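Structure first, then comments.
Quick note: the coordinates plus some simple rules give every number you see, no bench work behind them. Note that the structure is predicted; figures quoted are calculated from it, not measured. A quick note on method: Cβ atoms are made from the backbone with ideal geometry, for glycine too, and the neighbour counts reach across all protein chains shown.
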Amino acid sequence: MSQRRVLLVYTWDGNGVPLGPVEKDQPPQFDVVVFDYSGKASPVDGIAMISVRTECKGEIFREVHRWVAASTIDYEYVGLLDDDIETSWSDLNRLLRIARDHRLDMFVAALSHDSYYSHRQFLGRRGGDVRPTDWIEVMMPFYRTELFMAGGGYYAGSISSYGIDQFAMPTLQMLRGFSQVAIIDAVVVRHRRPITSDDKVFSNGRNAHQERRLVRRKAMAQVAAERPDLLGSAWFFRTFAPWDGPVRFLPLRLLAPVLWLRAYLAKQRLPLTIQSPPGLAPRQEDFLA
């Protein structure tokens, strides 16, 4: 049986040569679409293009979601690479072979150690090909198409894309059964520019970190509505209140021992005889703060 096709969307600012940082050393085993985020570029011969002016990557997710929804092609994966990712067609071909071998639902290539980065865990490590992880950032993700399409409600409300990676996608993975997520250390790419989205205020009046908090709240509300049994689980706290997260996550994280004890006693059918710390009595609305 033939494999489903893969869509790779590579962004472009509309200046210079599209796909400039890509070494075209062998035929790509995927469909390539250039996303011109200036919205002004003229068509380039031989290159499929989406041209829409956007402020940041959340809107690119939204437009690619629309494009895939309108496509007649049944894609297996959708990849969205920033225009400052230095890579090659051969490396991306290899990345896809490894992802298919491991039946991954979401994956990313590792970053070289001379790359600009926000999260150290995405730097390449020696000694293995595939490293399981809870989430991958939006710089160059590949998603199983069904998972990518499930995120439309999150893309519609985001300009920056902040929070889609850490909160929305892990939520959709858990709720839709897409559990195989990994960093592929066997393939290393280079990120060439510093991160610039942190301090911008977008046309909706919010900055990236404010959008991130809204995505987190929306994702927790979705969990509460669709899988309330996950509230208070190890996955829940690891996703929404990691120990290495912002200080504002700490009150939610402090609920963990109380809720784990309550769940244990419920299984044993024993009454809970301790009092929750003042101000930390667990209620469902606490999870949505």
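Spin-label model, SER38 to TRP260: label points 7 Å out along the Cα-to-beta-carbon direction sit 5.3 nm apart. Among beta bridges identified by DSSP and lying wholly in the chain, the antiparallel ones come to about 30 percent. Can you give me the angle between helix 57-70 and the longest principal axis of the chain, using Cα atoms only, in degrees from 0 to 90, rounded to the nearest 10? The two axes meet at around 70 degrees. Within the range 136-172, which residues have the backbone N less than 20 Å from the label spot 7 Å out from ARG253 along Cα→beta-carbon, could you tell me? Answer for the range 136-172: 136-137, 163-168, 170-171.
Comparing TRP67, TRP235, TRP135 in a Gaussian network model of the chain (Cα springs below 10 Å), the most mobile by mean-square fluctuation is TRP67. Model label points for TRP235 and ALA156, set 7 angstrom from Cα along the Cα-to-Cβ axis, are 2.5 nm apart.
Once you order the gyration tensor axes a ≥ b ≥ c over the Cα atoms, which shape class does the range 43-120 get: rounded for a/c under 1.5, otherwise prolate or oblate by comparing a/b with b/c? Oblate is the answer for the range 43-120, as a/c is 1.5 or above yet b/c matches or exceeds a/b. Does the range 73-203 come out rounded, prolate or oblate, given a ≥ b ≥ c as the square roots of the eigenvalues of its C-alpha gyration tensor, rounded meaning a/c under 1.5 and, failing that, prolate meaning a/b above b/c? The shape class here is oblate. Relative to the longest principal axis of the Cα atoms of the chain, helix 208-226 runs at roughly 60 degrees. For the range 3-8, putting each phi into the Karplus relation 6.51 cos²θ - 1.76 cosθ + 1.60 with θ = phi - 60° gives couplings of 6, 5, 6, 10, 9, 10 Hz, in residue order, rounded to whole numbers and with x for Gly and Pro. Coupling constants for the range 97-113 follow from the phi torsions by the Karplus curve (6.51 cos²θ - 1.76 cosθ + 1.60, θ = phi - 60°), and in residue order they are 4, 5, 4, 5, 4, 9, 6, 6, 9, 8, 7, 8, 6, 6, 8, 5, 6 Hz; glycine and proline get x. With a Förster radius of 51 Å applied to the beta-carbon distance between THR72 and ARG120, the computed FRET efficiency rounds to 0.80.
Placing +1 on each Lys and Arg Cβ and -1 on each Asp and Glu Cβ, with no other charges, gives the chain a dipole about its Cα centre of roughly 1140 debye. The alpha carbon gyration tensor of the range 230-271 gives principal lengths a ≥ b ≥ c with a/c of 1.5 or higher and a/b greater than b/c, which makes the shape prolate. For VAL187, the residues whose modelled amide H falls within less than 5 Å of its own, excluding neighbours fewer than 5 places apart on the same chain, are ALA110. Compared with the dominant Cα axis of the chain, that is its longest principal axis, helix 256-268 is turned about 60°.
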